[in-house]
1. Is it the case, given these coordinates, that residue 172 is out of contact with any helix residue (DSSP H, G or I) (no Cβ under 8 Å at 6 or more places or on another chain) and either more than 20 Å from residue 50 (Cα to Cα) or within 16 Å of the ligand (Cβ to nearest atom) (or both)?
2. How many residues does region 372-411 contain that are in contact with a Pro (Cβ under 9 Å, 6 or more places away or on another chain) and part of a helix (DSSP H, G or I)?
3. Residue check, residue 417 against (1) modelled with pLDDT of 95 or more; (2) farther than 18 Å from residue 355 by Cβ, all met but one. Which one?
4. For region 1-25, which positions are part of a helix (DSSP H, G or I) and out of contact with any helix residue (DSSP H, G or I) (no Cβ under 6 Å at 6 or more places or on another chain)?
5. Since residue 212 meets every condition but one in (1) assigned to a loop (DSSP other than H, G, I, E, B); (2) open to solvent by less than 20 Å² (accessible area, probe 1.4 Å); (3) not aromatic (Phe, Trp, Tyr), which condition does it not meet?
6. Does at least one position in region 351-366 carry a residue that is away from the ligand (no atom under 13 Å from the Cβ), closer than 30 Å to residue 125 by Cβ, free of Cβ contacts under 8 Å to residues at least 40 places away in the same chain and in a loop (DSSP other than H, G, I, E, B)?
7. Residues to consider are 420, 406; find the one that is of a type in the set (S, T, N, Q) and touching a residue at least 40 places away in the same chain (Cβ under 8 Å).
8. In region 128-143, how many are away from the ligand (no atom under 12 Å from the Cβ) and open to solvent by 30 Å² or more (accessible area, probe 1.4 Å)?
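The values are calculated or read from the model by the stated rules, or taken from the named source; none is laboratory data. This structure is a prediction, so every number in the text was calculated from the model and none was measured. Glycine gets a Cβ as well: all are built from the backbone with ideal geometry, and neighbour counts include every protein chain shown. Please note that ligands, DNA and RNA were not included when accessible areas were found on the heavy atoms of the full protein model with its side chains. Shrake-Rupley method; radii C 1.70, N 1.55, O 1.52, S 1.80 Å.
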Amino acid sequence: MRLSRYFLPVLKETPAEAQIVSHRLMLRAGMIKQAASGIYSWLPLGYKVLRRIEQIVHEEQARAGHIPMLMPTLQSADLWRESGRYDDYGEEMLRVTDRHGRDMLYGPTNEELITDIFRAHVGSYKDLPLTLYHIQWKFRDEVRPRFGVMRGREFYMKDGYNFDVDKDAAVHAYNRHMVSYLRTYERMGLKAIPMRADTGPIGGDLSHEFLVLAETGESEVFYDAAIADLKFGDRDVDYDDRGECAGIVTEWTTPYARTDETHDAAVFEESVPEDRRRRSRAIEVGQIFYFGTKYSEPMGATVVDDHGTHVPVHMGSHGIGVSRLVGAIIEASHDENGIIWPEGVTPFHCGIVNLKQGDAEADAACETLYAALTARGLEPLYDDRDERAGAKFATMDLVGLPWRITVGPRGLKNGVVELTCRRSGESTEMTPEDAVARLVEIYAPHRG
Ligand code: P5A
């Protein structure tokens, strides 16, 4: 993309309404614009990051054997009356009435709708296990929407639902989700720690939240420092192997890690040596639940088991805060000059800064680089504006591309350009061909 033809409305001033760094940077970098309280338009740069995150989620869901689909944002109130949640959900639910006087709602989550689909089409245990998911906008009329996309009213969520014949099979689905989420967050450059959590309006008695440590997080967490050292890495997991998934879950859930809702000071002190006890703020980027037959029983979602008996299916639901993640990643990765995107989610793979726009040789070198990077499947953002070098660097730093190639007449005389790492600030001179080869190498592990 050429910056002269892009739509990147960066702000010079720090917006006064933004209380936390990710919100400030998202506004300044022209990623979002507030449409109404807690509701945002995603401008091209923000939209690109949202799509990259979504893509990683889809790839990891596919790896775990989960099936994508799409359900609507508006739902009929009748389904929620069947489960008993229509009245319970309270003021967070946005209720609307259509022209025929029918009660509708903007879905805050989809347990009822998916259970309705399941009961209409599945009747035998032979069709199980089944896990369906979608990525769709949700609406929760939060009392205090704040921190930009981190606590919105409209937000983008991946929500998946497993259907299993009995508790053991459903617990495996729960474990499989935990394993696939660990991998998902790591690909986004995040350390997200699973912590025992309350179940709230979703229900059930088994739940973990995934938390990213950050001072600005809304959750208070207590954990054993040992868990922060765990790495998922590039393990080749067999997601059908119950023992393997359970083993990974044990590895990640044995060290103490709880939110303030489930924290037990006595257990914390007893089980964690003092020098490893940590108390911190954190951002919740996902949550998984096992709730057995909470929805299948009242809604009549049953299968015939291998004895010929109708049994309600065991279910769980599993969410990832896709739009919140954009803010959470920035909270975890920025400096005083702007965002620093992890390679896995960056909106463009690198920036190209032309130090002397209009200089025939510099312009030609940038064009050649642009074409070479594009041909290798990389997406550069080429700052081809007629601006001072300082302004170009400031924009690149603000929008946070992990790598920048600087092209100027002086370097070109020696046949070199400069490759700069946004995170370390380190620059290396090399030929344009070597810069392209180096970037191809850097991004190779981040491709699906
Ligand atoms: C699990 C999937 C559920 O709704 N039902 C379907 C279950 N879980 S949850 O924990 O309530 O939400 C899942 C994730 O969505 C993000 N999230 C939000 N993001 C932005 N703004 C909000 N107001 C908001 N509320 C929830 C969180 O990341 C949460 O973990």
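1. Considered against the rule, which asks whether it is out of contact with any helix residue (DSSP H, G or I) (no Cβ under 8 Å at 6 or more places or on another chain) and either more than 20 Å from residue 50 (Cα to Cα) or within 16 Å of the ligand (Cβ to nearest atom) (or both), residue 172 comes out as no.
2. 4
3. Failing condition for residue 417: (2).
4. 3, 4, 5, 21, 24
5. So residue 212 meets the others, but not (1).
6. no
7. 406
8. Total satisfying the criteria: 2.
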